[in-house]
Amino acid sequence: MIDIQVTGLSIEFEVGRKILDGLSFQVDQGERVGLLGRNGAGKTTLFKLLTGELHPDEGEARTAPGKGVGLISQIPVYPPEYTVEDVLNTAFDQLRAMEREMAQLAEKMGEGDKATMARYDALMAAYERQGGYQTEIDLNKVCNGLDIPPAMRAQLFSDLSGGEKTRVNLARLILRETEILLLDEPTNHLDLHATEWLEEYLSHYKGTVLAISHDRWFLDRVVQRCVEIHDGKAEFYSGNYSFYVEEKERRFQERLKQYEKEQAKIEQLQEAADKMRLWAFLGNDKLYKRAINMERRMERLQTTDRPTKERKLTMGFGEREFRGDEVLTVKDLSMGFEGRTLFEDVNLEVIGGERIALLGDNGTGKSTFVKLLLGEVLPTGGKIRFGPTVKVGYLPQQVTFDHPERNLVDTLLWDLNCTPQEARDRLAAFNFRGEDVFKLVADLSGGERSRLKLCELMSQKINLLILDEPTNHLDVDSRDWIEEAVEAYEGNLLFVSHDRYFINRFAGRVWMLENRKITDFKGTYEEFLDFQERQKVYAKAGTVPAPAKEEPKKDKPKRPGGTKELEKQVAAAERAVARAEEKQYELTQRAEEVSDNYLELQKVYEEQRTLEEEIAHLYTQWETLAAELEEARG
């Protein structure tokens, strides 16, 4: 059975510029389909056509009659006195109507009317089948999954932020058991925990899903096939997002080969036709006719346009030379506001070249932690120290400019002190071309402002790059070229992100902010997820994992440079031993603090055992280097 049918759909908002141009596809019952395309390709317009908010110039967009359709991007208007709880309970309007009718029928049942009893029995069966007896259980389950706590449920719906309203509306649609879900960027206002819960829910959802999303990890986990809107028409890919990427590249290469083959044949025929025309000019009419026929054949061969790709980012981050092994040290850091503690007793150390993802649910204090690093706010306790040669570059989540009344070229001229041509070249590298460079900054979208800020940031020489949700407002193509720039950047990287595709690509270390602490995990994001799963298993079983045994490390070969180089290595080894012993002392103090908590104490003991092995290894390294130095000195 077909749940969504789009046939010959065309619509234009400006004369001569069709957003959709003969778009046709269908989604069968129970399918999960990803709708892809660049920003402005017409994805949201299609959703508005499916819900009747817009009407097409040509064609038809419809959903299966009699089936409930839920659109996540559309937030209904409720009476001003409605609380979040009232809004959530509108999902049960049909069940409440059934309850009222059953109560009325129950009053009449004493009359012995068979029709009344039959109607009551039918309603009771339908009520039970639709989950009427477990609405409270379902409500609490969905609210817990989407992080809608009791305090928020008591608030007025009108007082919520846009993101909070979106989350509540998503919960309402899930509780209503809508049969067709149209998801327009459903993960935009969800943290990692809520996003994972939504993915788990959709994996068991029996209805039909058509999803617009720039969250590539979400698309990989949820959708079964993809429809891309390109030049107003549909292109089909029978797999998830990863399949789409590979298949799109394969098709591009195939079209490119076909184009090159045609061009080579046309060039060969053109050369032959030119010679024949020359000989015909000398008096051979038959050759002239053959040249005409050959040129007609060339016209028939010209069937493939040269395939093009989205232009890649052609500009990289400027980098400042880094000296020393200390980038950042955080000691006993605590932070709170108005009696609420965000985090406390945070101790971290960053060395050169590390790429760190700062993760955590919304409201745990990730952005505040970044502000502390930038010196925008002061901690309630502890200290932060940067290495002497560290130069920080920062891309905030909400990008603003001091002079939004300037156009893009003037903004770069003032901020970067460059020439007009350099400004145009830099803007072109970020897809600002033609008349776009004369747009006012105030008229840019959120994604365009992020691009402009990155354009400025890449011109600065930095060695510590801090990114706060860098892919939040960007489409898939834009995310790709931002990631290419970050890939090429060799300095230190610290980023806050909910984009798991981005996290998985760049994180070599994870800081998880939860329960007022930062868990420091040295490993990739996938390794961190495995670690979390193991912790859940141990917690469920009530056991403590055995400490991981480190593979013995091989001593690094002696570097060239004679005695001076060895002296540097010995000094570095001594500093490493000192840092490890300092950490050992801190663990001893920590053991005293948690002596009445068995599980926490066991964790400290595990860390101590692991650290003892590390210290023994460091001492071995130091002794080896010291012996080499003594031998070199003679």
When all alpha-carbon pairs of the chain are counted, what percent fall beyond 40 Å? 47
Considering the convex hull of the alpha carbon atoms of the stretch 323-464, report its projected area averaged over all viewing directions, in nm², one decimal. 10.4
So how much accessible area does HIS193 have, in Å² to the nearest 10, using a 1.4 Å probe? 90
How far is the Cα center of the stretch 454-512 from the Cα center of the stretch 185-202, in Å? 21
How much space per residue, in cubic angstrom, does the convex hull of the C-alpha atoms of the stretch 441-494 take up? 79
Could you provide, to the nearest whole Å², the per residue accessible area of the stretch 180-239 with probe 1.4 Å? 35
Could I have the simple spin-label model distance between ARG225 and TRP279, label points 7 Å from Cα toward Cβ, reported in nm to one decimal? 5.3
Put a dot 7 Å past each Cα toward the Cβ at GLU592 and LYS261; how far apart are the dots in nm? 7.9
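Translational diffusion coefficient, Stokes-Einstein: compute it for the stretch 1-66 using the Kirkwood radius over C-alpha pairs as Rh, at 37 °C and 0.692 mPa s, and state it as an integer in µm² s⁻¹.
266
Report the calculated FRET efficiency for LYS517 and GLU490 (r = Cβ-Cβ distance, R0 = 41 Å), to the nearest 0.05.
0.85
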Size-normalised alpha-carbon gyration radius of the stretch 365-429, reference 2.2 N^0.38 Å: 1.54
With no solvent and one equal point scatterer per Cα, compute the Debye intensity ratio I(q)/I(0) for the stretch 119-178 at 0.18, 0.23, 0.29 Å⁻¹ and report its log10, rounded to two decimals. -0.69, -0.92, -1.23
Tell me the Rg and the Dmax, in Å, that the Cα atoms of the stretch 140-219 produce. 12.3, 34
Measuring with a 1.4 Å probe in the full set of protein chains, what accessible area per residue, in whole Å², belongs to the stretch 100-174? 57
Directionally averaged shadow of the stretch 31-131, computed from the convex hull of its alpha-carbon atoms, nm²: 11.0
Carbon/sulfur fraction of accessible area - the chain, other protein chains in place, 1.4 Å, %: 49
How far apart, in nm, are two points set 7 Å out from the Cα along the Cα-to-Cβ line at GLU99 and at LYS233? 5.4
Report P(r) for the stretch 154-304: all Cα-Cα distances, bin width 10 Å, range 0 to the bin holding the largest distance, values in whole percent. 9, 24, 18, 12, 11, 10, 8, 5, 1, 0
In Å, descending, principal axis extents of the Cα set of the stretch 192-246: 35, 22, 17
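May I ask you to work out the translational diffusion coefficient for the stretch 79-201 at 25 °C, viscosity 0.890 mPa s, via Stokes-Einstein with Rh from the Kirkwood sum over Cα pairs, reported in whole µm²/s?
On the way: Rh = 16.2 Å.
Rounded to a whole number, D works out at 151 µm²/s.
The values are calculated or read from the model by the stated rules, or taken from the named source; none is laboratory data. Fair warning: this is a prediction, and the values are worked out from it, not measured in the lab. Positions of Cβ are generated from backbone atoms using ideal geometry, with glycine treated the same way; all protein chains shown enter the neighbour counts. All accessible areas refer to the heavy atoms of the entire protein, side chains included, with ligands and DNA or RNA removed. Shrake-Rupley method; radii C 1.70, N 1.55, O 1.52, S 1.80 Å.
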